[in-house]
Amino acid sequence: MATDRDVDVDVAVAVVGAGPTGLVLAILLHQYGVRTLIVERNHSTYDEPRAVGISGESLRICQQLGILDRLVPELRMDVGHRYFGVDERVLTEILPQPTPDGFPAKSVFDQPQLEQLLAARAQELGIDIRFGTEATLRDQDAHGVRLALAGPGGDELIRASWVVGCDGGRSGIRKALGISLDGSTQKERWVCYDVVDDPHDEQFAELHCNGVRPVVVAPGVHGRCRYEVMLHEGEDDERFLEFATIKALLAPFRDLKQDQVRRARVYVAQQRIARHLRVARVLLSGDAYHLMPPFAGQGLNSGLRDSANLAWKLAAVVTGAADESLLDTYEVERRRHVKQMIATSVRIGKVVMVVNPTVARLRDIALRSLKIVPPLWIWVTQMRFMKPPRLIEGCVVATTTARRPPYAGMLGLPVSQYALASPDARFDDALSVGWSLLEISSAARVDVPPTITDLVHMLGATYLRLRAETSRAVHDGDIVVSDPLPPVPAGEVAVWVLVRPDRFVAAVFTAAEAEAVSKKIGTWFVDDEQERGQHAA
């Protein structure tokens, strides 16, 4: 490892890749007080549309980043799905249900605009972004990592305490670590057309499962629209990039002029996941970690979940607030849900990509027959197969209270973004950038037990009292919500909800359970100012 004299720049974290995953990670790290450098081989943010679906969780992350109000005008929010069968009759409409995140389960967006907003936000915050710069992993030891940079200003050698590879499916960082990307390549090829001036203006994406050549239509805003068309085996890719072919394929949906084609690209989907997320002081996130088919629209959203999960943990380790073992929970918490989303995407693809007319008709009959089994029909039409990430391992603490109604649905899920009594405010804005401890009680004032005070001190948490809207006076430190709150169990004065910086609920407990919660959290976090200072140094 190089000495200080050998290194041109010394930073806490170097993020390789300035796509959405890397930009979100860097901004969150900055909010948590960590100096970060972003390195991107392209000369600017990517200007071609790729992902088009954004989840409620991702919009909640954008709220935390401070870009939500600028992003919303560019969204088609609360988008459902219409599945059409062989005869072009509607098989089913899938309507996303409300989420606890406070945003629709799915909206349609334009990735170049999101990336521009993220890059502008990073620059507003003073984060150093090196565009047009190639990063090569040199070596690492117990104290840091060396990266060789080749950019417009010449060659440079930097040292970072930690490096995160957010450099996409062909990740150079992952390859340098020797981590395999396990899984398979989808055999079916698709061609993707992004167009403008489109007449589609509905709140539904259309999946035309016609049994011959499936087509997906995803309307955006400001006349943007995406058409994806499945190719048959042996068909020539180049022919499907010619305007005459594009115009003919889209003729059933719209008339098209050549200058209205924004992008045309043939792709083959992957269903892969890296064998490991971390080697010593280098970690992976986003497409460098996982690749999935587009049918569930979860590739980009999974990357943003990675960044939100990793950022606060890495910041806690960098600042000396937590032991390095906290980073082990990153893989524990993310791998299970990433696998679920890959499997869901593959299953949806199998429904869409039927090209045998007889099999397609049998599929249509099977789907329509689901109506005779109402629970199954609801499961499909309300997108209940799209499981949100729920943490059953990692930095969460199970208690008796968390296992029993009415609190059984809180642990390991994002805390509900309750509606506030003030319509101009959002619940998350009242929470801390770091940890928050919510007190739910029916009393005007609760004597906080010392064990809970100690937990607040250890985590540097913000202590907040949740109160349902009433006619009584509001006390200092209260968050007044207009949503109903779960009742406090008989015999208890309060229930406490510990919320992580990524808004996931880490624990739900009573005063009697506080010591056990504190002890478990204390296996990762340092509860000594002097020790923190030594660790950070």
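Give Leu250, Leu256, Leu207 a once-over and let me know the one that is in contact (Cβ under 8 Å) with a residue 60 or more places away in the chain and touching a Leu at 6+ places or on another chain (Cβ under 7 Å).
On the way: Leu250 fails: in contact (Cβ under 8 Å) with a residue 60 or more places away in the chain; Leu207 fails: touching a Leu at 6+ places or on another chain (Cβ under 7 Å).
The unique qualifying residue is Leu256.
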Residue among Arg50, Arg41, Arg60 that alone is in contact with a Phe, Trp or Tyr (Cβ under 8 Å, 6 or more places away or on another chain) and of a type outside the set (A, V, I, L, M)
Arg60
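Each row is one residue, and each column tells you yes or no for (1) touching a Leu at 6+ places or on another chain (Cβ under 9 Å); (2) at positive phi; (3) at pLDDT 90 or above.
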position: Leu370; (1), (2), (3): yes, no, yes
position: Gln382; (1), (2), (3): yes, no, no
position: Pro388; (1), (2), (3): yes, no, no
position: Ala398; (1), (2), (3): yes, no, yes
position: Ala408; (1), (2), (3): no, no, yes
position: Pro423; (1), (2), (3): no, no, no
position: Ser436; (1), (2), (3): yes, no, yes
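Quick check: anything in segment 162-177 open to solvent by less than 50 Å² (accessible area, probe 1.4 Å), of a type in the set (Gly, Ala, Ser) and farther than 18 Å from Ala14 by Cα?
Filtering segment 162-177 down to residues open to solvent by less than 50 Å² (accessible area, probe 1.4 Å) leaves 162-169, 171-174, 177.
Within this subset, residues satisfying the condition of being of a type in the set (Gly, Ala, Ser) are 165, 168-169, 171-172.
Cutting the leftovers down to farther than 18 Å from Ala14 by Cα gives us 169.
Yes, segment 162-177 has at least one match.
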Go through segment 452-465 and give me each residue that's at pLDDT below 95, in contact with a helix residue (DSSP H, G or I) (Cβ under 9 Å, 6 or more places away or on another chain) and of a type outside the set (A, V, I, L, M).
Thr462, Tyr463
What tally of residues in segment 1-55 results from selecting those that are modelled with pLDDT of 95 or more, crowded, with 24+ Cβ neighbours inside 10 Å and not in a strand (DSSP E or B)?
14
Working only within segment 368-389, note down all residues that are under 29 Å from Gly299 (Cα atoms), touching a helix residue (DSSP H, G or I) at 6+ places or on another chain (Cβ under 8 Å) and either open to solvent by 50 Å² or more (accessible area, probe 1.4 Å) or part of a helix (DSSP H, G or I) (or both).
Leu370, Leu376, Trp377, Val380, Arg384, Lys387, Pro388
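Select from segment 137-155 the residues that are crowded, with 16+ Cβ neighbours inside 10 Å and part of a strand (DSSP E or B) and list them in ascending order.
Within segment 137-155, Leu137, Gln140, Val145, Arg146, Leu147, Leu149, Gly151 qualify.
Looking only at segment 461-476, decide whether some residue is in contact (Cβ under 8 Å) with a residue 60 or more places away in the chain, open to solvent by less than 30 Å² (accessible area, probe 1.4 Å) and of a type in the set (A, V, I, L, M, F, W, C).
The answer is no; no qualifying residue exists.
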Taking segment 229-280 as the search range and keeping residues that are open to solvent by less than 50 Å² (accessible area, probe 1.4 Å) and among the charged types (D, E, K, R), which one is nearest to Leu291 (Cα to Cα)?
Arg263
Pairs please, first residue from segment 51-78 and at positive phi, second anywhere and open to solvent by 20 Å² or more (accessible area, probe 1.4 Å) and not acidic (Asp, Glu), Cβ atoms under 6 Å, 6+ apart in sequence or on different chains.
Asp78/Pro104
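The values are calculated or read from the model by the stated rules, or taken from the named source; none is laboratory data. All figures in this text were calculated on a predicted structure; none of them were measured in a lab. Here Cβ is always computed from backbone atoms with ideal geometry, including for glycine, and neighbour counts include all displayed protein chains. Surface areas here come from the heavy atoms of the whole protein model, side chains and all, with no ligands, DNA or RNA. Shrake-Rupley method; radii C 1.70, N 1.55, O 1.52, S 1.80 Å.
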